[in-house]
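*Asks:* Next up is a structure, given as structure tokens.
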Amino acid sequence: MAHALWSRRIAAGFRQMLLALSGVVAIFYGFPSVALADQGDMRDIIVREFEAFDPNYRERRQHYAERLEALAAGIAAEQAAGNTLQCSEQLYLEAKWLLGYTANWNALEDKLERIERSLQDKDQNFASEQSPVDGFWGLCYDQWFMRVGATATAIGLLTSQGEPPHYRLRPRLRTGRELINYLQSLLISDIENTGIDNRGELSSLMTSYSTAAYKRDLQDILSGYVALDESIDWDEAREAAWFFIHGSQDTATGYWGAWYVIDGKIRKTTDLSITFHVVRYSKGEVDHWPQIIRTTLAIKDDPYPFGWRSGGKFNNHNLYDVASIFKFGWPHMSEEERRKARDEIRQMLLWSFENTLNPDGTYRHNPGYGDSYADEYYFGVSLLDVLGYWKPAERFWTDYPLEPALAGRADCCLIRQRVKAYGFESWAGAGALEKLERSCSVCPAQAVTQR
């Protein structure tokens with residue numbers, strides 16, 4: 001079905017561009033993927049590639065990681081106290097990208113100093129506004145791809161609320177060819193020679209363009225709110241995104257992910273996050289489901305983004321990604337695969353309740369992983385939501401009532417009260433509240449005043 005849908009989209013007028021990009025197709029299909037058994041060591045391999053670029057990489061990274069973690073804890077504490085600190089959060093996210101995906105220590109030092117200065121300003125509402133200059137969001141980001149991500153999120157929220165943007169957009173990429181060339185330039189990283197792992201930027205842009213490629217209501221807003229003096233073929237751009245997404249899927253594993261030049265050869269990776277976003281925004285209309293299911297179950301103990309674990313541990317974010325893939329893949333599973341997935345889902349819920357959710361409806365913050373305190377609520381709630389915890393009719397994985405160890409462990413109304421009391425203004429807070437409003441039954445009119 002997905003392949004037929006893809007074929008119909010290609011027939012819509014994109015054939016000439018595909019012919020012009022035939023060299024890209026050769027790149028997509030010309031390299032075998034690395035065996036799954038070799039995926040677990042990819043993080044170590046990537047570190048070694050950075051060390052080849054900078055022999056002092058480990059020491060410098062550890063130094064800056066400790067500083068960044070301390071700043072993250074400070075931002076989370078301020079947010080828990082009611083100060084949203086939108087600009088500080090954007091600066092932090094960009095610093096996190098610099099630390100995780102580059103060896104650009106000068107840029108990282110500058111970013112950390114800017115975060116420290118920003119914490120003195122408690123009123124940062126300006127950072128959540130749309131730019132009147134180019135129409136994009138994310139005013140405190142320097143990296144263009146991060147502004148694209150912030151803009152896609154903001155427009156998605158406006159779309160759900162039936163509101164238009166205040167200003168018209170001036171996109172940087174105006175043709176399908178420009179988009180394809182840009183995405184293709186990010187697909188393969190040569191860290192030893194550049195000091196940059198493109199995976200972070202690739203993942204962000206694939207998420208943004210997957211959203212635009214699959215959501216018609218979002219496409220309508222984009223088409224209607226572009227600067228009048230800009231000439232953009234949105235159908236061509238959408239087809240370009242489809243072409244890249246379809247062509248960059250690994251047929252052996254079913255997954256999407258970054259590719260790396262390692263010892264002169266191309267190594268493909270299984271990326272849980274990128275695959276989740278493609279599967280989610282396509283609503284499961286993708287090819288190679290048997291491979292996706294086998295891979296998802298096989299990478300349980302591998303490190304993120306190549307598996308379920310971060311720092312050897314689970315977290316609600318990764319488990320939400322896995323649960324979503326299970327949901328869309330359920331019709332394609334064998335009975336044995338469903339049994340395994342069902343067992344994993346039970347363990348996911350137990351782990352989440354025991355390690356992240358407090359009895360008072362608050363979520364614990366892990367500054368070493370979560371980008372903000374609001375994120376803890378968004379991903380904790382999203383995991384419960386996608387598994388139908390509060391709505392039996394949406395429990396795709398079981399027809400039976402929840403077992404005693406799972407039932408009654410998460411009070412939807414109490415969690416909703418907490419989110420309202422914190423007054424999160426980020427996309428994560430708004431997203432968590434939206435899911436809670438949809439999932440909670442009638443709640444008592446009781447406000448939570450203590451934070």
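The values are calculated or read from the model by the stated rules, or taken from the named source; none is laboratory data. Being a predicted model, the structure only gives us computed values, none of them experimental. Quick reminder, even Gly has a Cβ in these numbers, built from the backbone with ideal geometry, and neighbours come from all protein chains shown. With ligands, DNA and RNA removed, areas are computed over all heavy atoms of the protein, side chains included. Shrake-Rupley method; radii C 1.70, N 1.55, O 1.52, S 1.80 Å.
*Asks:* Inside the stretch 79-135, can you point out the residues that are open to solvent by 60 Å² or more (accessible area, probe 1.4 Å), closer than 20 Å to TYR64 by Cβ and either touching a helix residue (DSSP H, G or I) at 6+ places or on another chain (Cβ under 8 Å) or assigned to a loop (DSSP other than H, G, I, E, B) (or both)? Spell out the reasoning first.
*Replies:* Let us first name the residues in the stretch 79-135 that are open to solvent by 60 Å² or more (accessible area, probe 1.4 Å), namely 81, 96, 104, 106, 110, 113-114, 116-117, 120-123, 125-126, 129, 132-133.
So of that shortlist, the ones also closer than 20 Å to TYR64 by Cβ come out as 96, 104, 106, 110, 113-114, 116-117.
Selection gives LYS96, ASN104, ARG114, GLU116.
*Asks:* In the list TYR377, TYR389, which residue meets the criterion of being free of Cβ contacts under 8 Å to residues at least 60 places away in the same chain, of a type in the set (Phe, Trp, Tyr) and in contact with a Phe, Trp or Tyr (Cβ under 7 Å, 6 or more places away or on another chain)?
*Replies:* Values: TYR389 fails: in contact with a Phe, Trp or Tyr (Cβ under 7 Å, 6 or more places away or on another chain).
Within the list TYR377, TYR389, the selection yields TYR377.
*Asks:* Now for a different question. Of all residues in the stretch 308-340, count the ones that are part of a helix (DSSP H, G or I) and under 22 Å from the mean Cα position of the chain (by Cα). Give the derivation first.
*Replies:* Taking the stretch 308-340 first, the residues part of a helix (DSSP H, G or I) are 316-332, 335-340.
From what's left, under 22 Å from the mean Cα position of the chain (by Cα): 316-330.
Residues flagged as part of a helix (DSSP H, G or I) and under 22 Å from the mean Cα position of the chain (by Cα) within the stretch 308-340 amount to 15.
*Asks:* Filtering the stretch 147-191 down to residues that are assigned to a loop (DSSP other than H, G, I, E, B) and open to solvent by less than 30 Å² (accessible area, probe 1.4 Å), which residue is modelled with the highest pLDDT? Before you say what the answer is, go through the steps one by one.
*Replies:* From the stretch 147-191, those assigned to a loop (DSSP other than H, G, I, E, B) are 162-168, 170-175, 190; that's our starting set.
Still in the running and open to solvent by less than 30 Å² (accessible area, probe 1.4 Å): 165, 171.
Numbers: PRO165: 87, PRO171: 80.
Checking each candidate, the answer is PRO165.
*Asks:* Here's something else I'd like to know. Only residues that are aliphatic (A, V, I, L, M) and open to solvent by 60 Å² or more (accessible area, probe 1.4 Å): list them for the stretch 388-418, please.
*Replies:* ALA393
*Asks:* Oh, and also: What are the residue pairs meeting all of these: first residue in the stretch 351-366, first residue touching a residue at least 12 places away in the same chain (Cβ under 8 Å) and part of a loop (DSSP other than H, G, I, E, B), second residue open to solvent by 70 Å² or more (accessible area, probe 1.4 Å) and of a type in the set (S, T, N, Q), Cβ atoms under 9 Å, and 6 or more apart or on different chains?
*Replies:* Cβ pairs passing all conditions: THR356/ASN366; ASP360/GLN450; ARG364/ASN355.
*Asks:* So the check is Cβ under 8 Å with 6+ separation or different chains; which pairs have a first residue in the stretch 36-59 that's more than 14 Å from GLU192 (Cβ to Cβ) and at pLDDT 95 or above and a second one that's assigned to a helix (DSSP H, G or I) and aliphatic (A, V, I, L, M)?
*Replies:* From residues that are more than 14 Å from GLU192 (Cβ to Cβ) and at pLDDT 95 or above, the pairs are ARG58/VAL47.
*Asks:* Go through the stretch 392-424 and count every residue that is in a loop (DSSP other than H, G, I, E, B), touching a residue at least 12 places away in the same chain (Cβ under 8 Å) and either among the hydrophobic types (A, V, I, L, M, F, W, C) or in contact with a helix residue (DSSP H, G or I) (Cβ under 6 Å, 6 or more places away or on another chain) (or both).
*Replies:* As a first pass, look at the stretch 392-424 and keep what is in a loop (DSSP other than H, G, I, E, B): 395-411, 423-424.
Then drop every residue that is not touching a residue at least 12 places away in the same chain (Cβ under 8 Å), which leaves 396-398, 402-403, 405-406, 409-411, 423-424.
Those still in the list that are either among the hydrophobic types (A, V, I, L, M, F, W, C) or in contact with a helix residue (DSSP H, G or I) (Cβ under 6 Å, 6 or more places away or on another chain) (or both) too: 396-397, 402, 405-406, 409-410, 424.
Adding up the residues that qualify gives 8.
*Asks:* Looking only at the stretch 136-146, count how many residues are touching a residue at least 40 places away in the same chain (Cβ under 8 Å), of a type outside the set (Gly, Ala, Ser) and open to solvent by less than 70 Å² (accessible area, probe 1.4 Å). Break it down stepwise before answering.
*Replies:* We begin by selecting, within the stretch 136-146, every residue touching a residue at least 40 places away in the same chain (Cβ under 8 Å); these are 138-143, 145-146.
Within this subset, residues satisfying the condition of being of a type outside the set (Gly, Ala, Ser) are 139-143, 145-146.
Keeping just the survivors that are open to solvent by less than 70 Å² (accessible area, probe 1.4 Å) gives 140-141, 143, 145-146.
Here the count works out to 5.
*Asks:* Here is a follow-up. Kindly evaluate ALA258 against the criterion of being open to solvent by less than 30 Å² (accessible area, probe 1.4 Å) and in contact with a strand residue (DSSP E or B) (Cβ under 8 Å, 6 or more places away or on another chain).
*Replies:* Numbers: open to solvent by less than 30 Å² (accessible area, probe 1.4 Å): yes; in contact with a strand residue (DSSP E or B) (Cβ under 8 Å, 6 or more places away or on another chain): yes.
So ALA258 fits the description; yes.
Matching residues to (1) out of contact with any strand residue (DSSP E or B) (no Cβ under 6 Å at 6 or more places or on another chain); (2) open to solvent by 10 Å² or more (accessible area, probe 1.4 Å); (3) modelled with pLDDT of 90 or more:
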| residue | (1), (2), (3) |
| --- | --- |
| LEU202 | yes, no, yes |
| ALA213 | yes, no, no |
| ARG216 | yes, yes, no |
| VAL226 | no, yes, no |
| ASP229 | yes, yes, no |
| TRP234 | yes, yes, no |
| GLY254 | yes, no, yes |
| THR269 | yes, no, yes |
| LYS283 | yes, yes, yes |
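*Asks:* Now for a different question. Go through the stretch 285-304 and count every residue that is of a type in the set (A, V, I, L, M) and open to solvent by 10 Å² or more (accessible area, probe 1.4 Å). Break it down stepwise before answering.
*Replies:* Applying the first criterion (of a type in the set (A, V, I, L, M)) to the stretch 285-304 yields 286, 292-293, 297-299.
Next, from what is left, pick out any that are open to solvent by 10 Å² or more (accessible area, probe 1.4 Å): 286, 297-298.
Counting residues in the stretch 285-304 that are of a type in the set (A, V, I, L, M) and open to solvent by 10 Å² or more (accessible area, probe 1.4 Å) gives 3.
*Asks:* So if I check each of LEU186, LEU205, LEU179, LEU173, which one is out of contact with any Phe, Trp or Tyr (no Cβ under 8 Å at 6 or more places or on another chain) and closer than 24 Å to GLU94 by Cβ?
*Replies:* When all the criteria are applied, what remains is LEU186.
*Asks:* Now, a different point. Kindly indicate whether SER352 is under 30 Å from GLN130 (Cβ atoms), of a type in the set (S, T, N, Q) and open to solvent by less than 20 Å² (accessible area, probe 1.4 Å). Working first, answer last.
*Replies:* Working: under 30 Å from GLN130 (Cβ atoms): no; of a type in the set (S, T, N, Q): yes; open to solvent by less than 20 Å² (accessible area, probe 1.4 Å): yes.
No; evaluated as a whole, the condition is false for this residue.
*Asks:* Take SER334 and decide whether it is open to solvent by 50 Å² or more (accessible area, probe 1.4 Å), among the polar types (S, T, N, Q) and farther than 30 Å from CYS413 by Cα.
*Replies:* Working: open to solvent by 50 Å² or more (accessible area, probe 1.4 Å): yes; among the polar types (S, T, N, Q): yes; farther than 30 Å from CYS413 by Cα: yes.
Answer is yes for this residue.
*Asks:* Determine, yes or no, whether ARG280 is touching an Asp or Glu at 6+ places or on another chain (Cβ under 9 Å) and without any contact (Cβ under 8 Å) to a residue 24 or more places away in the chain.
*Replies:* Details: touching an Asp or Glu at 6+ places or on another chain (Cβ under 9 Å): yes; without any contact (Cβ under 8 Å) to a residue 24 or more places away in the chain: no.
Answer is no for this residue.
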